[in-house]
1. What nm value, rounded to one decimal, do you get for the distance between residue 210 and residue 172 when each label is placed 7 Å out toward the C-beta?
2. Residue farthest toward the positive end of the dipole of the stretch 79-222, with Cβ of Lys/Arg at +1 and Asp/Glu at -1: which of 147, 104, 124?
3. Residue 22 versus residue 184, label points 7 Å from Cα toward the beta carbon: distance in nm?
4. In the stretch 82-117, which residues have a backbone nitrogen under 18 Å from the label point lying 7 Å from residue 217's Cα in the Cα-to-Cβ direction?
5. Taking the Cα centre of the chain as the origin, how large is its charge dipole in debye, to the nearest 20, when only Lys and Arg (+1) and Asp and Glu (-1) carry charge on their Cβ atoms?
6. Of the chain, which part is the longest with no trypsin sites (Lys or Arg not before Pro) in a loop (DSSP not H, G, I, E, B) and with at most 15 other C-beta atoms within 10 angstrom?
7. Name the shape class, rounded, prolate or oblate, that the alpha-carbon gyration tensor gives for the stretch 69-195, where a ≥ b ≥ c are the square roots of its eigenvalues, rounded holds for a/c under 1.5, and otherwise prolate holds if a/b is larger than b/c and oblate otherwise.
8. Please work out the FRET efficiency for the pair residue 201 and residue 130, using the Cβ-Cβ distance as r and a Förster radius of 45 Å; give the result to the nearest 0.05.
Amino acid sequence: MAIPWWPARERERARPAEPVSRDRVVEAALELLRAGGLDALSMRKVAAEVGVSVSTVYWWAGNKEQLLALVVDEIHGRIELPADDPDVPWTEQLRVYAENSYAVYAEHSFVLPIVFVGVLTGPHTCDLVECGLRILRRGGLTHEQTVAAHAALAALILGFVRSGPRGDIVWTGGHRLEELHPDRYPVTIALAAELQTADPDGRFRFALDRFLAGLDRSRERAG
């Protein structure tokens, strides 16, 4: 078995007669999470969403913790991984990897609380990690550099998704940055318009460009 800890084995109890699949159970969980977050998810609510008994949901998902793992793995399965093409520069492969990951996470930002807490690692998640590590190793990084760069890239992606595409100023309690004392915060006031403008996509691309350029330069110096 490729992933020995993954709950993919058929259960001892006979398969329920109700016409449903694991994919439908996971999709229902995703719909509930999208609508109301983690507090809106329960095995009973999933059962009601699908129109089956709670025992059927338990048969397919195992328990709530395993259901959350299935949800996260499903999200990771929606990330299109770059082809393993030796003719494509490794930095461009890593850019595609990062941009595709960011796009899927941004679309499903409601699962981030689950990702940050941590769940059992499934096959799609392992595929995602393997791809990122393989690209970094292709760039000639050492083992330690590869792991550090992979962690830094994940933090960059998730950090910009977590900041969210918001144009409000919740973090100032409804006030404007221009209201700050000009003698103490002159630079903040000068940049207030930009700071109060939501542009997570543009700022993500800016940070990614610098990250990739810096990674490539540090690799060249090490070589």
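Bear in mind that the values in this text are calculations on the coordinates, not laboratory data. The shown structure was predicted, so the numbers you read here are calculated from the model rather than taken from an experiment. Quick reminder, even Gly has a Cβ in these numbers, built from the backbone with ideal geometry, and neighbours come from all protein chains shown.
1. Taking the simple label geometry, residue 210 and residue 172 are separated by 2.2 nm.
2. 147
3. If labels sit at residue 22 and residue 184, their model points lie 5.7 nm apart.
4. The answer is 91-92, whose backbone nitrogens lie closer than 18 Å to the label point.
5. On the way: 25 positive and 31 negative charges, 106 e Å.
With only Lys, Arg, Asp and Glu charged at Cβ, the dipole is about 520 debye.
6. On the way: sites that count: 9, 11, 13, 78, 166, 176, 184.
The longest uninterrupted stretch comes out as 79-165.
7. It is prolate, given that a/c is not under 1.5 and a/b is the larger ratio.
8. Numbers: r = 27 Å, r/R0 = 0.59.
Efficiency computed from Cβ-Cβ geometry: 0.95.
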